[in-house]
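Working notes, beginning with the structure itself.
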Amino acid sequence: MASGFTLVSAIAQAQSPVAMVLDVSGDVTLAVQGKPVKVEPFSRLLDGDRVKLGRDAKISLVYPRSGRQENWTGVGAVLTGDSESTTATGSPSVEVKQLPTYVAKQMARTPVSDTSGKAGMVRMRAIASPENLDKLEKQVAQMRAEAVPNDRAPEVYWLAGLNEMGMTDRLKEELERLQKAYPGDGSINALVKAYARSLNNEAH
């Protein structure tokens, strides 16, 4: 039995994440080895993960492969798939927004503040040219104009783009700006924590 459990664990660890948590509020848990674990912003989910939503719970996911952004609310359970989620139990409602896949993939390069997302953390650097920065700024401006209140997708994409281009000073400035603009925001605090650890690791 022990060898079988080890094999299953090894297979699970070899899986690549299919979705990233953009935002979460209320009682949202993930079953890990039969035990409920609180879902945190910017954690990664695997294909077949079962996410349980309690009363007044909300969770926002992005699928890099399909560019699908999902905002789930209501009591029930959601099952992650390769490129989208489905309702497992209950009757949670979902609002879907289609993002360009390159935007979703860029967002998924957001660092994680723990070891849960190492499988998806392949560091790639783009050239910090004026053209690339201009393209990034225009896309962010469009996303902000189309975003609903409390949608952090534009900021996630913006920070990931700056990080990819190695614009550390600008990244730090934007993190400070967001902290001041959204004090007490759980997703923003998680972003700051994730990037602080990532930048600290790069400095050593």
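What to note about this one:
- Scanning segment 78-100 for residues that are surrounded by 12 or more Cβ atoms within 10 Å (Cβ to Cβ) and in a strand (DSSP E or B) yields a count of 10.
- Residue selected from segment 37-58 under the condition crowded, with 23+ Cβ neighbours inside 10 Å and either without any contact (Cβ under 8 Å) to a residue 12 or more places away in the chain or under 12 Å from Ser187 (Cβ atoms) (or both), by the criterion nearest to the chain's Cα centre (by Cα): Phe42
- Segment 41-77, residues that are outside any strand (DSSP E or B) and at negative phi: Pro41, Ser43, Leu46, Asp47, Asp49, Gly54, Arg55, Ala57, Pro64, Arg65, Ser66, Val75
- Qualifying residues in segment 82-115 (those that are within 15 Å of the chain's Cα centre (by Cα) and polar (S, T, N, Q)) - the one farthest from Ala147 (Cα to Cα): Thr115
- Enumeration of residues in segment 89-117 that are small (Gly, Ala, Ser) and in contact with a Gly (Cβ under 7 Å, 6 or more places away or on another chain): Gly90, Ser91, Ser93, Ala104, Ala108
- Tabulated pairs, segment 71-82, first touching a residue at least 24 places away in the same chain (Cβ under 8 Å), second of a type in the set (Phe, Trp, Tyr), C-beta under 8 angstrom, 6+ apart or interchain: Val78/Trp72
- Scan of segment 133-153 for residues that are more than 15 Å from Met20 (Cβ to Cβ) and touching a helix residue (DSSP H, G or I) at 6+ places or on another chain (Cβ under 6 Å), ordered by number: Leu136, Val140, Met143, Arg144, Ala147
- Residues within segment 152-204 that are closer than 17 Å to Met107 by Cα, free of Cβ contacts under 8 Å to residues at least 40 places away in the same chain and not in a helix (DSSP H, G or I), tallied: 1
Residue by residue, here is whether (1) in contact with a Ser or Thr (Cβ under 7 Å, 6 or more places away or on another chain); (2) modelled with pLDDT of 95 or more; (3) hydrophobic (A, V, I, L, M, F, W, C) holds:
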position: Ser16; (1), (2), (3): no, no, no
position: Thr29; (1), (2), (3): no, yes, no
position: Val32; (1), (2), (3): no, no, yes
position: Asp47; (1), (2), (3): yes, yes, no
position: Ile59; (1), (2), (3): no, yes, yes
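- Per this entry, Ala31 is not counted among residues that are small (Gly, Ala, Ser), buried (at least 16 other Cβ atoms within 10 Å of the Cβ) and not in a loop (DSSP other than H, G, I, E, B).
- Every residue from segment 129-151 that is surrounded by 14 or more Cβ atoms within 10 Å (Cβ to Cβ), among the hydrophobic types (A, V, I, L, M, F, W, C) and not in a helix (DSSP H, G or I): Ala147
The values are calculated or read from the model by the stated rules, or taken from the named source; none is laboratory data. Values in this document were obtained by computation on a predicted structure and should not be read as measured data. As a convention, Cβ positions derive from the backbone with ideal geometry for all residues, glycine included, and neighbour counts pool all protein chains shown.
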